[in-house]
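Shown next, in structure tokens, is the structure this report addresses.
Bear in mind these aren't lab numbers, they're just calculated from the coordinates by the rules spelled out. Because the structure is predicted, anything quoted here is derived from the model rather than measured. Here the Cβ positions follow ideal geometry from the backbone for every residue, glycine too, while neighbour counts run over all protein chains shown.
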Amino acid sequence: MENLRFLLRFRRDPISALQELAQTYGDIVHIKLGEQHAYLLSHPDVIRDVLVVHHQQMHKPNLQQQPLGGNGLLRSEGDFHKRQRRMMQPAFHRKRITTYAQVMTEYTQQMSGRWNDKQQIDIAQEMMGLTLSIISKTMFGAEVEQDTQTVYNSFTTWMRLNSAHRFSPLDHALNSLPLPRKKQQAEARAQLDTIVYRMINERRASGKDNGDLLSMLLLARDEEGGGDGMTDQQLRDEVMTLFLAGHETTANALAWTWYLLSQYPEVEETLQRELDTVLAGRTPTPDDISNLPYLEKVFTEAMRLYPPAWVTARRSLDIYQVGTFTLPANSLLITSQYVVHHDARWYPDPQRFDPERWTAEARAQRPKFTYFPFGGGPRLCIGEPFAWMEGELVLATLAQNGACAWLQDKKSRWNR
């Protein structure tokens with residue numbers, strides 16, 4: 001595809017542009033963006049090589065001038081990234097995150113309790129509000145409740161303005177101009193910083209472990225590197241990173257899951273039968289998840305069709321060999337979850353919503369990186385266990401309360 005035409009297509013519809021590249025030119029596609037060499041890599045073995053085998057030869061590219069998460073886990077590199085991840089890992093141990101399950105189910109029940117049969121709702125907005133409430137509570141405990149609306153408004157403002165220019169080739173130039181959106185983003189960021197730093201200061205002064213994520217981060221020590229904890233700036237960056245990663249992606253995954261269930265009543269019926277059999281009307285707990293295999297298949301298949309993170313990028317530090325191809329240093333290596341998840345080689349009839357793709361036998365027949373919604377390798381999303389538990393508990397809780405049937409009634413109102 002001619003480069004200028006690709007750029008214009010990518011700006012308008014990035015997912016379709018990447019799909020067309022892969023379907024037309026194969027698993028390794030070279031794109032010249034001015035002086036920048038970029039490559040779309042779409043074979044699972046090559047993706048594994050980039051994300052796992054040769055991860056030390058890669059850095060994450062800086063695609064935003066002022067990321068809200070600062071130098072948090074999503075952006076940091078090298079020894080600093082290893083240190084931060086090592087310190088944060090205990091906060092996402094399964095035993096720790098199961099303590100947040102009650103928050104997840106209670107907040108879900110409160111939300112569904114506000115719905116009624118004659119009401120038309122924006123399910124994406126409802127899921128976004130729910131997951132933001134959950135991450136706020138699990139991050140800060142009760143202390144954030146007085147600021148919930150400010151946090152929600154500031155986050156949604158920042159994300160909306162950021163998304164509007166995320167794929168613009170002129171983004172760096174636009175950021176140097178005194179545009180209204182730049183001022184609004186700065187104001188939203190400042191409001192969030194004020195709240196986060198206040199909570200950090202209050203918690204440091206009290207010295208209490210409130211059982212939330214902030215307590216874990218404050219208590220974390222780098223035992224392998226001198227025993228130091230995080231500075232206020234480091235805490236702020238990691239908190240912002242977890243806020244972004246901890247609610248937007250899960251909310252999108254849940255919204256698409258409800259959409260798919262509304263379009264495939266036979267899947268919804270099978271899911272409802274499993275929930276009725278296992279839960280019999282009671283609120284689900286983490287211990288129930290292993291007894292709800294169809295629920296897991298539904299959520300897994302939804303994230304195959306609509307992966308919340310649909311593209312991943314790395315920048316090669318040195319010359320990089322891919323099969324018979326030698327890629328120059330500083331190449332931009334692009335992998336797309338959406339492209340791979342819709343590849344008919346791995347998923348026949350890829351547009352169809354089919355949870356039975358996720359039997360143990362079917363999984364064993366596919367290469368590992370035919371499915372990677374949370375990335376892979378040392379930079380695998382640290383919050384993956386949290387996201388799986390939250391997604392499955394929210395689905396089970398809402399379906400128990402009749403959400404699937406409610407969505408079937410409103411099927412005609414869905415807008416693709």
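Here Lys32 is the anchor, and the aspartates and glutamates within straight C-alpha reach of less than 19 Å, apart from those fewer than 8 places off in the same chain, are Glu2, Asp13, Glu20, Asp171, Asp318. The residue list Gly391, Leu275, Leu74 was ranked by how far each Cα lies along the charge dipole of the chain toward its positive end, using unit charges on Cβ atoms, and Leu74 comes out on top. Close amide H partners of Val322, meaning residues 5 or more places away or on another chain with modelled amide H under 5 Å apart, are Leu327.
Dividing the alpha-carbon radius of gyration of the stretch 1-68 by the rule-of-thumb value 2.2 N^0.38 Å gives 1.24. Amide H to amide H distances under 5 Å link Arg315 with His59, Lys60, Leu333, where only residues 5 or more positions off or on other chains count and H is placed in the peptide plane.
For a straight C-alpha distance cut-off of 29 angstrom, the lysines reachable from Lys95 (same-chain residues fewer than eight places away being disregarded) are Lys82, Lys137, Lys208, Lys297, Lys368.
Considering only DSSP states other than H, G, I, E and B, which trypsin sites (Lys or Arg not before Pro) in the stretch 254-316 qualify as loop sites with at most 10 other Cβ atoms within 10 Å? Walk me through the numbers on the way to the answer.
Working: sites: Arg273, Arg282, Lys297, Arg304, Arg314, Arg315; in loops: Arg282.
Hits after loop and neighbour filter: Arg282.
Report, in whole Å, the centroid distance computed from the Cα atoms of the stretch 347-362 and the stretch 198-231. Cα centres, the stretch 347-362 to the stretch 198-231: 43 Å. Please figure out what share of the DSSP beta bridges in the chain is antiparallel and state it in percent, rounded to the nearest 5. So the antiparallel bridges in the chain amount to around 85 percent.
Counting charges near Lys60 (Lys, Arg +1; Asp, Glu -1) among other residues having Cβ under 12 Å from its Cβ returns a value of +3. Model label sites at Lys60 and Val311, defined 7 Å from Cα along the beta-carbon direction, differ in position by 1.6 nm. Applying a DSSP loop filter and a limit of 12 other Cβ atoms within 10 Å to the trypsin sites (Lys or Arg not before Pro) in the stretch 114-143 leaves Arg114, Lys118. With distances taken between every two different alpha-carbon atoms, the stretch 171-280 has a Kirkwood hydrodynamic radius of 18.3 Å.
Straight-distance candidates among the aspartates and glutamates for linking to Lys60, with alpha-carbon spacing under 13 Å and chain neighbours fewer than 8 residues away dropped: Glu77.
Show log10 I(q)/I(0) for the chain at q = 0.07, 0.10 Å⁻¹, two decimals, from a solvent-free Debye sum over equal Cα scatterers. Cα-only, vacuum Debye calculation for the chain: -0.35, -0.75. Remark: the stretch 345-395 is approximated by an ellipsoid whose semi-axes, taken from the C-alpha gyration tensor as √(5λ), come to 22, 16, 10 Å, largest first.
Sort 29-37, 210-218, 332-340, 70-78 by packing, meaning the average of other beta carbons within 10 Å per residue, with the highest value first.
332-340, 210-218, 70-78, 29-37
Whole-Hz Karplus values for the stretch 309-314 come out as 9, 9, 8, 10, 9, 9 Hz, taken residue by residue from phi with 6.51 cos²θ - 1.76 cosθ + 1.60 and θ = phi - 60°; glycine and proline positions read x.
For the chain, which DSSP H helices look membrane-span-like by this rule: Cα extent along the axis of 15 Å or more and mean Kyte-Doolittle of at least 0.0? Please list the in-between numbers first.
Numbers: long enough: 14-25 (17 Å, 0.07); 78-88 (16 Å, -1.95); 101-113 (18 Å, -0.62); 123-140 (25 Å, 0.95); 148-164 (24 Å, -0.42); 180-206 (40 Å, -1.23); 232-263 (47 Å, -0.12); 265-279 (20 Å, -0.58); 293-305 (18 Å, -0.05); 384-400 (24 Å, 0.48).
Span-like helices, by this rule, are 14-25, 123-140, 384-400.
Shape summary of the stretch 69-162, radius of gyration then Dmax from alpha carbon positions: 16.4, 55 Å.
Count charges around Ser42 for me, please; just the other residues with Cβ under 13 Å from its Cβ, Lys/Arg as +1, Asp/Glu as -1. Each step should come with its number before you reach the end.
Values: positive: Arg48, Arg345; negative: Glu20, Asp27, Asp45, Asp49, Asp343.
Once all neighbours under 13 Å are counted, the net charge is -3.
Taking label positions 7 Å along the Cα-Cβ direction at both Arg273 and Trp115, the computed distance is 2.3 nm, reported to one decimal.
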